[in-house]
Structure formats: structure tokens, C-alpha cells
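Down below is the structure, laid out as C-alpha cells.
The values are calculated or read from the model by the stated rules, or taken from the named source; none is laboratory data. Keep in mind that what you see is a predicted model, and the values were worked out from it rather than measured. A quick note on method: Cβ atoms are made from the backbone with ideal geometry, for glycine too, and the neighbour counts reach across all protein chains shown.
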Amino acid sequence: MNDLTKAINLHLACEFQASHTYLAMSIWLREKDLAGFSSYMQIKSQEERGHADRLIAYLVDCDEQVELPAVEAPQRNWGSTQDLFDQVYELEKDVTASINRIYSIAEQAGERSATAMLDWFIAEQLQEEAEARFVRKRLRLAGDNTAALLLLDQQFLDGTALTTVKGGLTGLKQSEN
Ligand SMILES: [Fe+2]
Ligand SMILES: [Fe+2]
């Protein structure tokens, strides 16, 4: 197995772990009756699975071997919604770092198809970090104000919570996974 294939297989663990962690977060939020935040994190969980699927498809298309990773049981409790979204932001930054590492390996190997495939992930991670940054900062503004927290939750239910986030390399919100 070459270094690039090894790195992509290792990165699969990042995506599966993020998917699992986001599902656990969605459950915790639902238990707190924060239905908007909960459904947002459930969608994020599905998106992370979609990211793993993209990488798996790439490996198969290149006739390279796929090794599915073990996924650890995620954390089940958070101190607050703020703590939870602070963790989302940190997790997304870790995923970005991992994508950047793979990108460097692909560049060094002169693997043009890999860098082309990874360009999508570079743009996606910028969008993901922008969203996570926005949500955690909005929560910080809400502070201990329950009415403000519930308003943010409602905005996620209405689909308006992230309409002003212009992440991604095109400056437009991406709708695809
Ligand atoms: Fe991802
Ligand atoms: Fe993500």
C-alpha cells in the first residue's frame, strides 16, 4: 500500500469518528429538547459519512485497497451547548489538518487525480470551519440567556441559522455534501 493510500485510509477514521461523535451530540441535544441544534448535528453526522463514501469511491476507482477503521464509542455528555459546539470547531480543525497532510502527500507523489479529488475537501473544510466558528460565537453572544438559545434553536429548525455564513472557496454556501 503506497503512502497516499495509507494516508487516505487513516483519514477515513477521522470522518467515521466525526460522524459518530456528531450523532452522539445530536442525541444529547435532542434529550435537552433543543430540536433545531439536534437535527443540524444529525445532518452533519450524515455528511461526515458522505465524506467517507467519497474517499472510499476514490480508492476503489484507483484500484487501491480500502481498510475500514474501528470507530470508538463517542463521548455522551457535554457540560453545555457551548461546550459541545466548541468541540465541533476543534474537531473540524483537526479534520482540516488531516486533509492538508494528505494533500501534501498527493502533491509530493504528483498524484493529480488525488489533488483534484481533495480540492473538494479543502473547500468543504473551509465551509465547515466557518459554520462551526459562527455557531460557537453566536452561542457565546447568547451566554446564559435561555431565550437567545431557544431563538438560535428555532433558526436551525427554520433553516435560517446559517444563511449569513459565506464559507467555502467560492464565497457561496455549498449545498452538496
Ligand atoms: Fe468530513
Ligand atoms: Fe466536517
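Brief remarks follow.
- Close contacts from the range 35-56, counting a first residue that is under 20 Å from residue 162 (Cα atoms) and a second that is hydroxyl-bearing (Ser, Thr, Tyr) and within 13 Å of ligand 1 (Cβ to nearest atom), with Cβ to Cβ under 7 Å and a gap of 6+ residues or different chains, come to 41/22; 44/22; 45/19; 45/22; 48/19; 48/22.
- The requirement of being under 25 Å from residue 155 (Cβ atoms) and within 12 Å of ligand 1 (Cβ to nearest atom) is satisfied by residue 50.
- Flag for residue 17 being assigned to a helix (DSSP H, G or I), buried (at least 19 other Cβ atoms within 10 Å of the Cβ) and at pLDDT 95 or above: yes
- In the range 98-117, of all residues being farther than 19 Å from residue 17 by Cα and within 16 Å of ligand 1 (Cβ to nearest atom), the one that is surrounded by the most Cβ atoms within 10 Å (Cβ to Cβ) corresponds to 117.
- Checking the range 91-104 against the condition returns no match, with no residue being closer than 22 Å to residue 144 by Cα and within 14 Å of the chain's Cα centre (by Cα).
- Selection of first residues in the range 157-168 that are outside any loop (DSSP other than H, G, I, E, B) and of second residues that are at pLDDT 90 or above, restricted to Cβ pairs under 6 Å at least 6 apart or on distinct chains, gives the following pairs, ordered by first then second residue: 157/36.
- Number of positions in the range 29-66 that are surrounded by fewer than 16 Cβ atoms within 10 Å (Cβ to Cβ), closer than 23 Å to residue 3 by Cα, among the aliphatic types (A, V, I, L, M) and within 16 Å of ligand 2 (Cβ to nearest atom): 0
- Within the range 118-134, considering residues that are surrounded by 17 or more Cβ atoms within 10 Å (Cβ to Cβ) and within 19 Å of residue 106 (Cα to Cα), the one farthest from ligand 1 (Cβ to nearest atom): 118
- Condition met for residue 113 (outside any loop (DSSP other than H, G, I, E, B) and in contact with a His (Cβ under 6 Å, 6 or more places away or on another chain)): no
- Where a residue in the range 127-143 is part of a helix (DSSP H, G or I) and its partner, wherever it lies, is surrounded by fewer than 17 Cβ atoms within 10 Å (Cβ to Cβ), with Cβ under 6 Å and at least six apart: 127/174; 130/165; 131/165; 134/165; 142/148
- Checklist (1) surrounded by 12 or more Cβ atoms within 10 Å (Cβ to Cβ); (2) more than 16 Å from ligand 1 (Cβ to nearest atom) applied to residue 76, failing item: (1)
- Residue tally, condition aromatic (Phe, Trp, Tyr) and either over 28 Å from residue 2 (Cα atoms) or at pLDDT below 95 (or both), over the range 89-141: 2
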